[in-house]
1. Within region 81-111, can you find the residues that are closer than 17 Å to residue 71 by Cβ and aliphatic (A, V, I, L, M)?
2. Given the criterion under 21 Å from residue 35 (Cα atoms) and in a helix (DSSP H, G or I), identify the matching residue among 283, 288.
3. Looking only at region 94-138, how many residues end up being among the β-branched types (Val, Ile, Thr), more than 20 Å from the chain's Cα centre (by Cα) and more than 27 Å from residue 81 (Cα to Cα)?
4. For the structure I just gave you, tell me whether residue 255 is loosely packed, with under 13 Cβ neighbours inside 10 Å, in contact with a strand residue (DSSP E or B) (Cβ under 9 Å, 6 or more places away or on another chain) and touching a residue at least 12 places away in the same chain (Cβ under 8 Å).
5. Give, as residue ranges, the strands (runs of 3 or more DSSP E) completely inside region 1-98 that count at least 1 residues that are among the basic types (Lys, Arg).
6. Of (1) without any contact (Cβ under 8 Å) to a residue 40 or more places away in the chain; (2) surrounded by fewer than 22 Cβ atoms within 10 Å (Cβ to Cβ); (3) not β-branched (Val, Ile, Thr), residue 216 satisfies all except one. Which?
7. Might you check whether a residue that is touching a residue at least 24 places away in the same chain (Cβ under 8 Å), under 21 Å from residue 19 (Cβ atoms) and not hydrophobic (A, V, I, L, M, F, W, C) occurs anywhere in region 273-289?
8. So which of 261, 234 ends up being over 17 Å from residue 197 (Cβ atoms) and of a type in the set (D, E, K, R)?
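The values are calculated or read from the model by the stated rules, or taken from the named source; none is laboratory data. Predicted model, so just to flag it, every value in this text is computed and none were measured. We place every Cβ from the backbone using ideal geometry, glycine too, and count neighbours over all the protein chains shown.
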Amino acid sequence: MSTVMTVTGPVAPEKLGRVLVHEHVLVTYPGAELDPTDQWDRSACVETAVARMLELKEHGVATFVDAGPGDIGRDPELLVEVAERSGMQIVCATGFYHERIGVPYYWRNRTIEELAELFLHEIEQGVGGTSVRPGVIKIASFDPPGEHDRKVIAGAAIAARESGLPLISHCENSRGGDIQQAILAEHGVDLRRCLIGHQDQETDLENIKALADRGSFVGIDRIGYEILAPEDHRADFIAALIEAGYTDRLCLSQDHMCCLRSARFPYPIPAEVRDFWESVEPMVYEQMFRRTHTYMFTDFFPKLRDRGVDAGTIDRILTDNPRRLLAGE
């Protein structure tokens, strides 16, 4: 196993402890900083994030993977400050988000090789003008994966192959994981170092098993987003995967934000549902970023225990699997 790069330096695999594999300190949607109604308070975000990290440490979490790539608000200096003040080991990412929201215009016009060069530069030299080096590569695809998604995934695959870093993915609507795997494999990536994420909305358990059978970890990693899938559905699928022998291929997380920099809701609200939106907006924001990051431990894990999943199995999923993903077999 190799050391894992965090924003404050390398960490030995045995020091990772419990890991949340797909979370966020800060998310910013491209262009949000231009909104004249923006009231972004960096210090308040830091305070919120530090408090969240300290709460997570009470549940044994020692490592927090911030899956935000460069185009949706990644701020390495903010991550360093939160890590130093809280003692949490924070891993940051290189990569781009899916093309419906991310992949800035300039990089849409670059070749696969140029994208790989960017990711490798950040991995080897640091992000921007900082010395902060990513410990994971983030890939993402829309539903269905588009031209730019596929190109970025190919560039990320080259960077993963050359650097030895793991990949973690976003699959919109739980679709496209098979396409991600095919592109990664084509470019020589070890699929055992890949987490195919956001399988929470999948309705056919066999599709998740197929991703795992190809060697990858699979993520039920949007726990708490009941706007996307019921929690009982997640708990049923997790229990079924464990019963079917996939414990060693499963990762759990929340894709939850400490801070959202978006003065207005970042997605379009159709005119015909705006009245309804006003009634559900508080609940949506609660699930996106307002409630504590300990929700998974306090509210969701009891559902797994009710389904016969014991504490030792949960601990194994939170420790052994992320360690093998981040540091290798």
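1. Listed by number, the residues that qualify are 93, 101, 103.
2. Among 283, 288, only 288 is under 21 Å from residue 35 (Cα atoms) and in a helix (DSSP H, G or I).
3. 2
4. Here the answer is no, as residue 255 does not meet what is asked.
5. 18-28
6. (2)
7. no
8. That would be 261, the only listed residue that is over 17 Å from residue 197 (Cβ atoms) and of a type in the set (D, E, K, R).
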